[in-house]
Every structure is written in structure tokens, then in C-alpha cells.
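Colleague: Here it is, the structure, as C-alpha cells.
The values are calculated or read from the model by the stated rules, or taken from the named source; none is laboratory data. Quick caveat, the model's predicted, so the values are computed rather than measured. Cβ placement follows ideal geometry from the backbone for every residue including glycine, while neighbour counts extend to all protein chains displayed.
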């Protein structure tokens, strides 16, 4: 794929290391900037072929062990169906490995050798635009009502206060028990929820 090309949605690969639900291409949430680095560092379809050929005998191809032994802390996938190879590597005109492509919101901004100085520059520029996928937790308000004021609320409202804060109320049945637990646990301790 050349610069300016759009990366198609691809999800039929085996995740060796990283998030099991990762995809390439595909939808991007509004207001989000996703940077994807694809690096082809080994095209080893012959290993898949060998594994299939010798599946009934004690011959095992251990890609996972290799990845673990190298302490790779980034996502590594095995392109078992050659989708990445046929939809990204080949269309780029690449003839050898390693080969890298950087995509910003599924649009290729770099295509070439990862040691090319342009790779580092493009990745730095792309990373500066990327948005976090992690939402900041939102602080829930401290509960400042007195026991007597809490007793004026419905049991459902009291249970909701506890549930929002992840405080188990299993086994509590009396309104007074809910109110007491809220006073004890929610007046001085800050709780957060994920948006």
C-alpha cells in the first residue's frame, strides 16, 4: 500500500501477543485518532504449512514461545490466512522484510523499511495526533447527607448510591442498613466511575 491508501478492515489473524480483539482497519470512534504500525518482520507461511502437514505427529511450531523469549511487549499476530500479506504487504510493492506501514485513522502515512529515518519522523508525528482509548474516571460526589437525611430517600436510591461506588449491599434488607453503610463508606472516601 502506498502513502494515501486506505487500510481495509482485517481481523482474520491469530493474536500471539496482545489484545485478543485487535483488528486492522475498521471503524474509528468520532473524535478519535488511531495510529497503527504494521511491521512485517517475518513471512513464515511455510511454518503454517508444516504445522498442518505434521499435525498428527509430534512436530510443533512454537511461535508463541519465540515471541515470549524475546520479551515482546507489543501486539504480535500470525497472518494465518495471508490477509495482511495480500491486502497490505503485496499492494505496497514490498519485496522483502522487514517492511513497515504506519496508518493514521486507516490511511497510510508511511510505507517502507523501518530503519528509514522517515519512519521515525512519521511515527512521531502520528503519535502526537493519537488520542487515548482510555477514558478518564469521573469522580463521584462524596455523600454528605446525614443518616437522618439518607433515611428520607427510597431504598432504591440508597442501593444505587452503593452500586455506583461498587459497594456490595448483598445481605442488607433494611433501609437503615443501607443508610448506615453509606455514612460509613461514602462520606470520606472518593469513588470513581468509568465514562
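Colleague: Looking at (1) modelled with pLDDT of 90 or more; (2) not in a helix (DSSP H, G or I), which is the only condition residue 166 fails?
Modeller: (1) is the only condition that residue 166 fails.
Colleague: Checking the structure you have, find out if any residue of segment 92-112 is in contact (Cβ under 8 Å) with a residue 60 or more places away in the chain, in the same structural domain as residue 37 (by TED's automatic domain parsing) and over 25 Å from the mean Cα position of the chain (by Cα). Working first, answer last.
Modeller: As a first pass, look at segment 92-112 and keep what is in contact (Cβ under 8 Å) with a residue 60 or more places away in the chain: 92-93, 99-111.
Then keep just the ones that are in the same structural domain as residue 37 (by TED's automatic domain parsing); that gives 92-93, 99-111.
Next, from what is left, pick out any that are over 25 Å from the mean Cα position of the chain (by Cα): 92-93.
Scanning segment 92-112, I find at least one residue that is in contact (Cβ under 8 Å) with a residue 60 or more places away in the chain, in the same structural domain as residue 37 (by TED's automatic domain parsing) and over 25 Å from the mean Cα position of the chain (by Cα), so the answer is yes.
Colleague: Can you pull out the residues in segment 169-195 that are more than 21 Å from residue 139 (Cβ to Cβ), without any contact (Cβ under 8 Å) to a residue 12 or more places away in the chain and outside any loop (DSSP other than H, G, I, E, B)?
Modeller: 177
Colleague: Shifting gears a bit: If you check residue 159 against the conditions, is it part of a helix (DSSP H, G or I) and in contact with a helix residue (DSSP H, G or I) (Cβ under 9 Å, 6 or more places away or on another chain)?
Modeller: yes
Colleague: Take the residues in segment 21-38 that are closer than 17 Å to residue 83 by Cβ and loosely packed, with under 15 Cβ neighbours inside 10 Å; name whichever of them is modelled with the lowest pLDDT.
Modeller: Once the filter is applied, the top-ranked residue is 21.
Colleague: In this structure, is residue 144 at pLDDT below 90 and part of a loop (DSSP other than H, G, I, E, B)? Quick ask: steps written out before the conclusion?
Modeller: Working: at pLDDT below 90: no; part of a loop (DSSP other than H, G, I, E, B): yes.
Judged against the criteria, residue 144 is not a match.
Colleague: Failed condition for residue 145, given (1) touching a strand residue (DSSP E or B) at 6+ places or on another chain (Cβ under 7 Å); (2) surrounded by 12 or more Cβ atoms within 10 Å (Cβ to Cβ), with all others met?
Modeller: The single condition residue 145 does not satisfy is (1).
Colleague: On to the next question. For segment 131-142: of the residues being touching a residue at least 12 places away in the same chain (Cβ under 8 Å) and closer than 30 Å to residue 183 by Cα, which is surrounded by the most Cβ atoms within 10 Å (Cβ to Cβ)?
Modeller: Checking each candidate, the answer is 140.
Colleague: Okay, next question. Starting from segment 114-130, keep only residues that are within 20 Å of residue 94 (Cα to Cα), then list their pairs with residues that are at pLDDT 90 or above and part of a helix (DSSP H, G or I) whose Cβ atoms are within a distance under 9 Å, requiring at least 6 positions of separation or different chains.
Modeller: That search, which allows pairs on different chains as well, returns 114/120.
Colleague: Now for a different question. Residues in segment 154-167 that are in contact (Cβ under 8 Å) with a residue 12 or more places away in the chain and surrounded by 12 or more Cβ atoms within 10 Å (Cβ to Cβ): how many?
Modeller: Counting residues in segment 154-167 that are in contact (Cβ under 8 Å) with a residue 12 or more places away in the chain and surrounded by 12 or more Cβ atoms within 10 Å (Cβ to Cβ) gives 8.
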